[in-house]
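Following: one structure in structure tokens, then a few remarks.
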């Protein structure tokens, strides 16, 4: 959903309210897309046999995996920004 | 009405579009895309889990217990059948014909495969929910810091 909406609304207020509502839905969709990515990666890390019920150990592993993934992303982003600012990228 | 985005065209008539209708369509489109994504990833993971290697759905202990039972039942004319509702179960049904039919060995594998896939789907949904909660709480913590 790229957010391009062509509206024939007679009042501008209604149009901007609509765009705000769509922005909220887009944010929810982005959250869900991230959850899909995290689940994909962390499933491989945390699940061994699919037979047993989701026990608390797997639960903890999944939650930790998400946290570490986000930490890694932030670390890389910050370091990359730092490298660019220092003019190290040609 | 020229220049309309085709995604959100409602019926003919007035040029003014109903906010509620547009939001409904937006939500439906997002929900469909989300479901497609979920199914695609779930299929990929569960295929790998359940069809990982040849005969991979049966581990050694299952092979020892299931196969003799199966052969004895087949000798007596009972065929294995899989039911899906209310839950996946493999049962034996009687037939009048007694045959040594090696093709029937696939009955067990198919039934256990379906069980494996069904269990895997449940586990994937559980994992998805756990990840969703973890991500949400992390976001809340980050916002609280700001």
Sort B:146, B:22 so the one with the fewest other Cβ atoms within 10 Å of its own Cβ comes first. B:146, B:22
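Take B:30, A:76, B:51, B:117 and order them by how many other Cβ atoms sit within 10 Å, fewest up front.
In increasing order of surrounding Cβ atoms, one gets A:76, B:51, B:30, B:117.
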Sequence of B:46, A:61 once ranked by neighbouring C-beta atoms within 10 Å, starting from the fewest: A:61, B:46
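FYI, it's all coordinate maths here, none of it is from the lab. Keep in mind it's a predicted model, so treat the numbers as computed, not measured. A quick note on method: Cβ atoms are made from the backbone with ideal geometry, for glycine too, and the neighbour counts reach across all protein chains shown.
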